[in-house]
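The structure under discussion appears below in the form of C-alpha cells.
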Amino acid sequence: MLKNKSIKLLFLSAAQLLLLWLMLSTTTVQYIQASWRMKIVIKLILILINILVLLTIFYSAVIKGRWKDVYLKNIFSLMFSLLFFFLVFESIFLFIPRSHNSGANLAAQRWNNYYWKPINQSGARDILYSVERFKNKQTIFFLGDSFTAGYGIKDTKDRFSDIIAKKIPEKYAVFNFGNNGANSSTELSMLLKFPVKPNIIILQYFINDIEEACSEKGKPVFKRPLYSDMNAFFSFFVRNSYFLEYIYWEIPHPDYNKYSASLYDCFNDGEALQYHLNELSLLRLFAKDHKIDLIVVAIPFLNDVEGSKKYTDIVKSYFQFYDVPVVDVGELVKDIPLKKRIVNAHDSHASVLVHRMIADALYEIFLKL
C-alpha cells in the first residue's frame, strides 16, 4: 500500500513539473496561433490544472502522509505554499498591463492588447485612411516615433495630434503616422510613398533618432538584450512568468544610462552628427520643395532633460536657422516633476499632461501660419 502511494506521489510530482514547464513555455512560444484573449484562457486553464495537481499532492503527502521529521514536513509545506501562491499571483498578473520603455516585456504586451488601437490599414495607430478624409480638406501629417503614436497613452484622444485635431477648424484633416521605432529616414520614406502630399507636417523628433547615423558611422549605440544579466535557467522563468517578470523590472537596471551615454557620444562625433543633420535636411527640403509648412517638436529624454536637452538643442538650432518653428519640449517640461512628465517609472514616454502641453504649444504656432 505504501509502495503504491509512493508511486502515485512520484507520478503526480512528475506531472506537476511537466505542467509547470508547459504553463511557462506557452507564454512566449509562437506556435500557438490564437488571439491574445484565447491565450489568456489557455494560460488560466493550465494554472488551474497546476493548482489542482498541487493540492492533490499536498493532501496526499502532507495531510495524509506520515512524517517522522516534523522539520522536514514544515519545509515541504512551505515549498508547496510558495508554489501555490506563485500560481495564484501568476493568474492575477496575467491581466495587469504596464507600458515599458522596451515594449517587449509581458506587461507591456498586455498593455498593447488592451490599449493599442485603432490600427488602420497601414499599421498606424489611427483610424482608416480613406478618400473621404481627404475630400475638400487641407491635410496635416504628424510624423514621428512612439511619442507621436502615443505609446503609454491609453486613449488616443489624449495624444497631442488628436488634441490639435479638436482645436483646429474642420477644413483640416489630421493624420497620425506615428510608428514605434521610426527615425528620420523611415519618415521620409513614408512621405515619398504616400499618394497624398500634406499641407502641414508636424515632425516629432526624439533624441534617439540619431541611432541610424551612429550605426552608419561605426558608433552603434549600446543596447542590452533583455534578461542578459541572468543565466539561461533563471531567464527562462522570468521571461515566461508574468509575476516574476513584473518583480524583475521593479529592480533597477542601470544599463539605461549606458544607452543614453552612447547616444550623447554619437552627438559629439562630428561625422555622425553631420550624417544625421543631412538626414533631417532631406525632410526639410521635401517640405520646402512641395511648399509644405513644417513644424518640429523636439523631445529630449524626459527622465534626463538636463543631460539630453543640449543635444536636442543642436537639432532645434538647425531647424530654426532655416526658419522652421520648433516646439522645445525640454523647455516646456523642465519645471515639471518627473512623475508628472512621464507615463510611469518604467516608461519615460510623455504623460497625458505633456501631450497637452505640446498640443497647446503647437496650436500657438498653428495660429501664426
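Taken together, the values in this text are just the output of simple stated rules run on the coordinates, not laboratory data. Keep in mind the model is a prediction, meaning the values are calculated, not measured. All Cβ positions, even for glycine, are placed from backbone atoms using ideal geometry, and neighbour counts span all protein chains on display.
Per-structure values
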| item | result |
| --- | --- |
| Potential extension, S262-L10 segment - 0.36 nm per residue separation minus Cα distance | 85.4 nm |
| Amide H partners (placed H, <5 Å) of N344, local residues excluded | H349 |
| Chain lengthening between V131 and D304 when straightened (0.36 nm per residue, less Cα-Cα) | 58.1 nm |
| Lysine pairs meeting the criterion (Cα under 27 Å, 8 or more apart or interchain), as found in segment 2-93 | 11 |
| Among N74, N268, N303, residue whose mean-square fluctuation peaks in a GNM of the chain (springs only between Cα atoms under 10 Å) | N74 |
| Net length gained if the chain between K197 and Y172 were fully extended (0.36 nm per residue, minus Cα distance) | 7.7 nm |
| Whole-Hz couplings from phi, Karplus 6.51/-1.76/1.60, listed for segment 240-249; x for Gly and Pro | 10, 10, 4, 6, 5, 5, 4, 5, 4, 7 |
| Out-of-range pairs (alpha-carbon distance over 30 Å; input K157/K193; K154/K309; K166/K288; K193/K309) | K193/K309 |
| Integer Hz, Karplus 6.51/-1.76/1.60 couplings in order for segment 124-136, x for Gly and Pro | 7, 7, 7, 5, 4, 7, 10, 4, 4, 5, 9, 4, 6 |
| Order of M38, M230 under a 10 Å beta carbon neighbour criterion, fewest first | M38, M230 |
| Whole-angstrom gap from segment 262-285 to segment 74-149, using each part's C-alpha centre | 32 Å |
| D_trans [Stokes-Einstein, Kirkwood Rh over alpha-carbon pairs] for segment 206-267, 10 °C, 1.306 mPa s, µm² s⁻¹ | 119 µm²/s |
| In order through segment 344-355: 3J(HN,Hα) via Karplus (6.51 cos²θ - 1.76 cosθ + 1.60), integer Hz, x for Gly, Pro | 7, 4, 10, 9, 8, 6, 5, 6, 4, 4, 5, 4 |
| Unit charges on C-beta of K, R, D, E only; dipole of segment 2-93, Debye | 340 debye |
| R125, R239, R159 arranged by Cβ crowding within 10 Å, fewest neighbours leading | R239, R125, R159 |
| From the coordinates shown, semi-axes √(5λ) of the Cα gyration tensor in Å corresponds to which of (1) 37, 25, 21; (2) 51, 23, 17; (3) 35, 32, 21 | (2) |
| Dipole in debye (nearest 20) - the chain, about Cα centre, beta carbon charges: Lys, Arg +1; Asp, Glu -1 | 1840 debye |
| Estimated distance in nm for a label pair at E216 and D289, the labels positioned 7 Å out from Cα along Cα-to-Cβ | 1.6 nm |
| Residue order, fewest to most beta carbons within 10 Å, for D328, D155 | D155, D328 |
| Share, in percent, of DSSP beta bridges within the chain that are antiparallel, nearest 5 | 10 percent |
| Residue among A287, A107, A149 with the largest mean-square fluctuation in a Gaussian network model of the chain, springs linking Cα atoms under 10 Å | A287 |
| P(r), alpha carbons of segment 102-244 - 10 Å bins starting at zero, rounded % | 10, 33, 30, 18, 7, 2, 0 |
